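Taking it in order: structure first as structure tokens, then the write-up.
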Amino acid sequence: MVSIIVIAAAFAAVCLLYNFGFIAYQQKRALLFTASMNGLRAKFSGCTGKITRIVRFRKSGNHTLRFQKSAEKGAIAVSLFDPHGNALISEGEEEIYSIPAEAGKRYKLRIVMEKATGSYSIEIE
């Protein structure tokens, strides 16, 4: 009985950390993958999959998302979804995006890699 409570508490803690943007959900396979703690920078080799994380903006208005990538092989793209699931950025490969956002709302940031070798970096202002 105690083990079930411990497992449920651990699951609840992980869900809270994801919902508040402290950890990323990762579905990927790679020969090599190193990333920053927040998942906004990474270097990888032979990577296929996606990384999803929650982003919250402190102020309402237009924000800038800078997506820098260096792909020796394969493809790397970024997507951003508003709180209702509508795509603000859909499979984007450009470098700079202007994003209309509301303060405190949950936005989903997704990085998709397809047989990719290289790196990416994301900055949100």
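The values are calculated or read from the model by the stated rules, or taken from the named source; none is laboratory data. These numbers come from a predicted model, not from an experiment. Glycine also receives a Cβ, built like all others from the backbone with ideal geometry; neighbour counts cover every protein chain displayed. Only protein heavy atoms, including side chains, enter the accessible area calculation; ligands, DNA and RNA are left aside. Shrake-Rupley method; radii C 1.70, N 1.55, O 1.52, S 1.80 Å.
General remarks:
- Scope region 16-59; condition of a type in the set (Gly, Ala, Ser), touching a Gly at 6+ places or on another chain (Cβ under 9 Å) and closer than 16 Å to Ser79 by Cα; matching residues: Ala24
- Qualifying positions in region 56-65 - open to solvent by less than 80 Å² (accessible area, probe 1.4 Å) and closer than 17 Å to Leu40 by Cβ: Phe57, His63, Thr64, Leu65
- Annotation: Asn38 fulfils all but one of (1) in contact (Cβ under 8 Å) with a residue 40 or more places away in the chain; (2) within 19 Å of Gln27 (Cβ to Cβ); the unmet one is (1).
- Residue count for region 70-125, restricted to those that are at pLDDT below 85 and either in a loop (DSSP other than H, G, I, E, B) or surrounded by fewer than 14 Cβ atoms within 10 Å (Cβ to Cβ) (or both): 6
- When region 80-125 is filtered for residues that are over 15 Å from the mean Cα position of the chain (by Cα) and among the small types (Gly, Ala, Ser), the ones remaining, listed by number, are Ser98, Ala101, Ala103, Gly104, Ala116, Gly118.
- Note on region 1-22: residues that are open to solvent by 60 Å² or more (accessible area, probe 1.4 Å) and under 12 Å from the mean Cα position of the chain (by Cα) total 1.
- Considering residues of region 33-55 that are part of a loop (DSSP other than H, G, I, E, B) and crowded, with 17+ Cβ neighbours inside 10 Å only, the residue modelled with the highest pLDDT: Leu40
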